[in-house]
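Worksheet for the structure shown next.
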Amino acid sequence: MAGPDTKGGGKSDFLLIDYTPYIHYGQHYNGIIFRRSFPELEELISRSQQLYPQAFPGASYLEGKKTWTFKSGATLKMRFLETDSDVYHYTGHQYQYIAFDELTNWPTAFPYIFMHSCARSAQGVPIRIRASGNPGNVGHLWVKQRFIDAAPPLTPYQDEKTGLYRIFIPARLDDNTKLLEKDPQYENRLKSLPEALYNAYRWGRWDVFVGQAFSEWNPARHIIEPFEIPEHERYYMTFDAGFGRPFSLMWWIIDRDNGKLVLVREWYGWNGNANEGIRLSDSEIAEGILERERRWRINSNTVTRWAGQDCFSKKPNYMGGGQGPSTADVFQSYGIYMKPADADRHKKVRAFHDRLRVTDDGPGLVVFKGCEQFIRTVPALVIDKNDPEDIDTDGEDHIYDSACHIVMAKPDDVSGSVTGLDPDSLCA
């Protein structure tokens, strides 16, 4: 399986041509290429109409069915998958070639993984699954985890669970000699972009990309080596609930000298797959909090805690009917008392930007090196296409939401707890 890379590398053309080597299998060879939306699909169809009739005389495209039929009888469907549930329309289908163009457009891996169940052949036709894409967009994180982080470029990686192989094949602008020949000024136009976007588009940088929500992030400035925390230090805990999706718990201190927020501990409730939770009950999470605080020698009775507004809503009582306790109620029964956090999404974004901003005194928020999930997810967040003042909530934003609870804390919640702290530094 090919991974994604840069603009101008000819990735869409590759998918269209990569389908064709086995068309001689005729009616036993059926392929399908997906885009996320119909307008995107139209662009791919238009390109296929330029390529196929010239390269494969006798190939015909049926507009009503969005399907190419080749002279041998082989077929290639052109489809779009707008939501995860759309993939169920293909239950029971069989394809020998499956491709996703611009894979990072899908917020989760589910459509891509589900279609693996449709990749089969009773006639011995080789099975291939391909994908292309650029850094950025809402699916940046899971694609990066699956392809970019799994192994170095051009190095096959065998999945421990399935035994299947996947590989990331970079596609550079320099590889597309035809484009460089016909449009030699294309690279110069890329240079007119902001530096971060140029690095993403030209060189396939996966640490900076188009649509990145928090471009202030700089690992060299925001990640610090852990230091010994005084025994009686004041801690702050933030919680973003999750069941099918991950939950996020973080423990913070405030630097006594400069008021910086310091993330020192985290517990991320995921199963190792991007944006998938471990489905723990409120009681199990509460017990996990207390167990960790005992192990980390944190005095649970002195921790100030915030949680999202949803944690204070009553839940259905599935055992006896009616309304059951809220998450906050369950936590309280364990001696864990939480305050509702400010839920204003636009203010959260602005406050988070301000905390990450690097000044002469450094950033206002730093992270211990061991807090891997903050480091993994926050830099990969993208801007909501429909609301540039917010984060795309289809992405893996649970760590961010949890961190915003302390970023948005009111002065009264923290004043007097740390010597030398300017309470206004925690205002939203």
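Computed from the coordinates by the stated procedures, all read-outs in this text should not be read as laboratory data. Everything quoted here is computed from the prediction, not taken from an experiment. We place every Cβ from the backbone using ideal geometry, glycine too, and count neighbours over all the protein chains shown.
Full extension from Asp329 to Asp18: what is 0.36 nm times the residue separation minus their Cα-Cα distance, to one decimal in nm? Can you show the working numbers first?
Details: separation 311, 0.36 × 311 = 111.96 nm, distance 5.64 nm.
In short, 106.3 nm is gained.
Within the chain, which is the longest segment containing none of the GluC sites (Glu not before Pro) that sit in a DSSP loop and have at most 10 other Cβ atoms within 10 Å? Present the calculation step by step, with values, prior to reporting the outcome.
Numbers: sites that count: Glu160, Glu228, Glu231.
Answer - 232-428.
List the trypsin sites (Lys or Arg not before Pro) in region 213-310 that DSSP assigns to loop (not H, G, I, E or B) and whose Cβ has at most 16 other Cβ atoms within 10 Å. Which are they?
Details: sites: Arg221, Arg234, Arg256, Lys260, Arg265, Arg279, Arg292, Arg294, Arg295, Arg297, Arg305; in loops: Arg234, Arg256, Lys260, Arg279, Arg297.
Filter output for region 213-310: Arg256, Arg279, Arg297.
Per DSSP H run of at least 4 residues, take -39500 (n - 2.57); add these up for the chain, divide by its residues and hand me the 222 nm value, nearest 500 deg cm²/dmol. Kindly include the intermediate steps, with their values, before the conclusion.
Details: 14 runs with 113 residues, N = 428.
Per the formula, -7000 deg cm²/dmol.
In the chain, how does Rg compare with the Kirkwood Rh, expressed as the Rg/Rh ratio over alpha carbon atoms? Please list the in-between numbers first.
Values: Rg = 25.0 Å, Rh = 24.1 Å.
Radius of gyration relative to Kirkwood radius: 1.04.
Straight-line reach from Lys161: which aspartates and glutamates have Cα under 18 Å away, leaving out those fewer than 8 places along the same chain?
Those aspartates and glutamates meeting the cut-off are Asp149, Glu276.
Using only the Cα atoms of region 235-285, construct the convex hull and provide its projected area averaged over every direction, in square nanometres to one decimal. Show your work: numbers first, answer last.
On the way: hull surface 15.8 nm².
Reported value for the Cα convex hull: 3.9 nm².
Quick one: angle between helix 282-295 and the longest Cα principal axis of the chain, in degrees between 0 and 90, rounded to 10, please.
Around 60 degrees separate the two axes.
Could you pull out every one of the lysines with an alpha carbon less than 30 Å from that of Lys71, ignoring same-chain neighbours closer than 8 positions?
Straight-line reach from Lys71, under 30 Å: Lys11, Lys178.
Against the longest principal axis of the chain, how steep is helix 345-356, in degrees 0 to 90 to the nearest 10, with axes from Cα atoms?
80
Using a Gaussian network model of the chain with C-alpha springs under 10 Å, which one of Asn134, Asn188, Asn258 is most mobile by mean-square fluctuation?
Looking only at Asn134, Asn188, Asn258, the biggest GNM fluctuation is shown by Asn188.
Evaluate E = 1/(1 + (r/R0)^6) for His116 and Asp255, where r is the Cβ-Cβ distance and R0 equals 45 Å; express this FRET efficiency to the nearest 0.05. Let's see the in-between values first.
Working: r = 48 Å, r/R0 = 1.06.
It comes out at approximately 0.40.
Tell me, which longest segment in the chain has none of the chymotrypsin sites (Phe, Trp or Tyr not before Pro) that fall in DSSP loops with at most 16 further Cβ atoms within 10 Å? Numbers along the way, then the final one.
Working: sites that count: Phe227, Phe243, Trp296, Tyr318, Tyr334, Tyr337.
After excluding every exposed loop site, the longest remaining stretch is 1-226.
Could you check the simple spin-label distance between Gln49 and Phe243, using points 7 Å along Cα→Cβ, in nm with one decimal?
If labels sit at Gln49 and Phe243, their model points lie 4.8 nm apart.
Tell me the net charge near Asn275. Cut-off is 10 Å between Cβ atoms, Asn275 excluded, with +1 for each Lys or Arg and -1 for each Asp or Glu. If you can, show how the numbers build up before the last one.
On the way: positive: Arg245; negative: Glu276, Asp394, Glu396, Asp397.
Once all neighbours under 10 Å are counted, the net charge is -3.
Under 19 Å Cα-Cα from Lys66, which lysines qualify once same-chain neighbours fewer than 8 residues away are excluded?
Of all the lysines, those that pass the test against Lys66 - Cα under 19 Å, at least 8 places apart if same chain - are Lys77.
Starting from the amide H of Arg265, placed 1.01 Å from N in the peptide plane, find each other amide H under 5 Å away whose residue is 5 or more places distant or on another chain.
Trp251
Based on Cβ point charges of +1 for Lys and Arg and -1 for Asp and Glu, what charge dipole magnitude is obtained for the chain about its Cα centre, in debye rounded to the nearest 20?
Its charge dipole is roughly 1380 debye.
If amide hydrogens are placed 1.01 Å from N in the peptide plane, which non-local residues have theirs closer than 5 Å to the one on Phe80?
Those qualifying (amide H under 5 Å, at least 5 residues apart or on another chain) are Arg35.
Return the single residue from Ile253, Ile98, Ile127 with maximal mean-square fluctuation; model: Gaussian network over the chain, springs between Cα atoms under 10 Å.
So, out of Ile253, Ile98, Ile127, the one fluctuating most is Ile127.
Shape verdict for region 80-175, please, from the Cα gyration tensor: rounded (a/c under 1.5), prolate (a/b greater than b/c) or oblate. The partial results should precede the final answer.
Details: a/c = 1.70, a/b = 1.23, b/c = 1.38.
The shape class here is oblate.
Over all directions, what mean area does the Cα convex hull of region 309-386 project, stated in square nanometres? It would help to have the intermediate numbers written out before the result.
On the way: hull surface 35.7 nm².
Result: 8.9 nm².
Taking loop as defined by DSSP and a crowding limit of 13 other beta carbons within 10 Å, which trypsin sites (Lys or Arg not before Pro) in region 332-409 fit? Don't skip to the answer; put the middle values down first.
Details: sites: Arg345, Lys347, Lys348, Arg350, Arg355, Arg357, Lys369, Arg376, Lys385; in loops: Arg357, Lys369, Lys385.
Here the trypsin sites (Lys or Arg not before Pro) that fit, given the DSSP loop and packing criteria, are Arg357, Lys369, Lys385.
Choose one of Leu381, Gln323, Asn271: the residue whose Cα lies farthest towards the positive end of the charge dipole of region 253-389 (beta-carbon charges +1 Lys, Arg; -1 Asp, Glu; about the Cα centre).
Asn271
Once both labels are modelled 7 Å past Cα along the beta-carbon direction, what's the Arg345-Lys369 spacing in nm?
Taking the two extended label points, one gets 3.7 nm.
Using a Gaussian network model on the chain with a 10 Å cutoff between Cα atoms, which of Ala150, Ala403, Ala109 fluctuates the most?
Ala150
Mind jotting down the three principal axis lengths of region 11-171 based on Cα atoms? Whole angstrom, largest first.
The principal-axis extents, from largest down, are 42, 35, 31 Å.
For Lys315, which sequence-distant residues (separation of 5 or more, or a different chain) have an amide H within less than 5 Å of its own amide H, given hydrogens modelled in the peptide plane?
When sequence neighbours closer than 5 places are left aside, the close amide H contacts are Gly324, Ser326.
Suppose R0 equals 30 Å; then what is the FRET efficiency for Arg221 and Leu190 from their Cβ-Cβ distance, rounded to the nearest 0.05?
Numbers: r = 27 Å, r/R0 = 0.90.
After rounding, the FRET efficiency stands at 0.65.
Using the beta-carbon distance between Asn386 and Lys178 and R0 = 30 Å, what value does 1/(1 + (r/R0)^6) give for FRET efficiency, to the nearest 0.05?
Working: r = 36 Å, r/R0 = 1.19.
Working from the Cβ atoms, E equals 0.25.
In degrees between 0 and 90, to the nearest 10, how far off the longest principal axis of the chain does helix 398-407 point, with axes built from Cα atoms?
30
Which listed residue (Trp306, Ile253, Phe56) has the Cα farthest towards the positive end of the charge dipole for the chain, taking +1 on Lys and Arg C-beta and -1 on Asp and Glu C-beta about the Cα centre?
Phe56
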